[in-house]
1. Going through B:A85, B:A124 one at a time, which residue ends up being free of Cβ contacts under 8 Å to residues at least 60 places away in the same chain, of a type in the set (A, V, I, L, M, F, W, C) and crowded, with 16+ Cβ neighbours inside 10 Å?
2. How many residues are farther than 30 Å from B:G144 by Cα, of a type in the set (F, W, Y) and touching a residue at least 12 places away in the same chain (Cβ under 8 Å) if we restrict to the range B:92-121?
3. For the range A:38-85, name all the residues that are touching a strand residue (DSSP E or B) at 6+ places or on another chain (Cβ under 8 Å) and part of a loop (DSSP other than H, G, I, E, B).
4. Kindly evaluate B:K233 against the criterion of being outside any helix (DSSP H, G or I) and either surrounded by 13 or more Cβ atoms within 10 Å (Cβ to Cβ) or in contact with an Asp or Glu (Cβ under 9 Å, 6 or more places away or on another chain) (or both).
5. Going through the range A:82-122 one residue at a time, which ones are aliphatic (A, V, I, L, M) and within 26 Å of A:G70 (Cβ to Cβ)?
6. Considering (1) more than 22 Å from B:D260 (Cα to Cα); (2) within 14 Å of another protein chain (Cβ to nearest Cβ); (3) touching a Lys or Arg at 6+ places or on another chain (Cβ under 8 Å), say which one A:S40 fails and leave the rest.
7. If a residue has to be loosely packed, with under 15 Cβ neighbours inside 10 Å and under 19 Å from B:V163 (Cα atoms) to count, how many in the range B:127-149 make the cut?
8. Is it true that A:A30 is closer than 23 Å to B:E257 by Cα and either modelled with pLDDT of 90 or more or not in a helix (DSSP H, G or I) (or both)?
Amino acid sequence: MKKIICMLLILLSTRVWASDPAIDFVDHLADQILTDVVTSDKTKEEKESLFNKAFTEAVDLKGVGQFVLGTAWKKATETERADFLQAFTDLTVKTWANRFDAYSGQEIVFQGSRNAERGQLYVDSVIQDKQPVEVIWRLRPSKDSYKIVDIIIEDVSMVSTYRNDYRSFLQQNDNSVPKLTEELHRKSLEIGSNSKNN
Amino acid sequence: MRKNFFVLFFCCVGILTGCATKPTDPEELKAYEEVNDPWEPMNRSVHAFNQGADKYVLKPVATGYRKVVPSFFRDAVTSFFDNLAQPVHFANALLQGQSKDAGAVLGRFAVNSTFGFFGLFDVASEAGIPNPENDFGQTLAKWGWKGDGGPFVMLPVLGPSNVRDGIGTGVDSLAHPLGWALWNEQELHYGLLAVDGVNARERALDLTDDLQKSSTDYYATLRSMSRQNRKKKINAVLGEKESGEKPDYEVDFSDVEWED
């Protein structure tokens, strides 16, 4: 009898784990980035291009772009929006690619998923370090998978921080989206040239 | 003397720059209230002063310190000052009625002061003892000053804060045992504070470089991040949110038109 209960428990726990596709989605993405980008011996350019592909596929860039631009998104033309999204993606990819240099073997442990508003989900995780870092992934269902709409590190929402940053820039620059796009391009080039010099 | 300088500095900057103008557009007004920074012109002046002091003094010294001093020694400096601050964290944990935190802080202090050789080695963290770092800003929140802690304040040298937590920082620094132990040794006291400051700046070098490079308005980014992160520390002492209540980090995506 005991054996049967044990087997049942094992089966159930496996099912619970396997039936959380949101965790699987983030776990697979983190694993892919870790193997192909962070710990691989590829060149910086190759790593950046692989990360760019993974990032643009996993993140709902159009939705995030709308949010971070706030009211300026509604007033912007289609071309301005597309140019902004491209510059935003370039800068974000370059910034994150630079952050991977600091990686020194920390592990990411997933703790579960829970509901957010509008049918979206949160996946809770912790990066194990001397001071553990809480990372929450906000996902929205898309087709038969998910898209990342926010990453929250120690309760700091990435999209909220970008929105505040860009709102302030726009306020000081005649609410001009092209000026913001130009600034993002300039920042990307700066990061690119700095990382080449290092 | 130093205190007088800061009061004078604040008054001059305040008179010269004044307050931010409240917008009339509803969307703009919502954003204005969200950031809660009515003294923005003054805060930006203090930020500019901080940036100058950092560029020409703090950052070069911290960078040199990183180059010259090996990382194990820097870790020991961090642990030493962290351990010295534990009595302040302990008092705050008691004032907040956080018995679990008080126990952890006491445990840390006992373990690190003995096995950690006067706090030079953080054996408590290795043993899995948490470091809750209870501060007086949290104590004020626990006593009833909830919410975002009043308007945003950019403190000279110390950086982003708000009225409640700025007062908290002041009280915590007055209560710090180093000041009392070295009451008659002010030169040594200020020397140690300088080492603590340089060490803390060194630890933040990578983060601040990263943020400066990636943000279009560094001031707005610091303001936003510090406010969000501070909410986490405040919520830690106010207790978990009730189930079903929206977490503070949940942004409102209602304006976004999602595409599949």
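The values are calculated or read from the model by the stated rules, or taken from the named source; none is laboratory data. If you're wondering where the values come from, they're calculated on a predicted model, not measured in any experiment. Neighbour counts are summed over all protein chains in view; Cβ atoms, including those assigned to glycine, are modelled from backbone coordinates with ideal geometry.
1. B:A124
2. Residues meeting the conditions: 2.
3. Listed by number, the list holds a single entry, A:D60.
4. no
5. A:A82, A:L85, A:A87, A:L91, A:V93, A:A116, A:L121
6. Result: A:S40 passes all but (2).
7. Number satisfying all stated conditions: 4.
8. no
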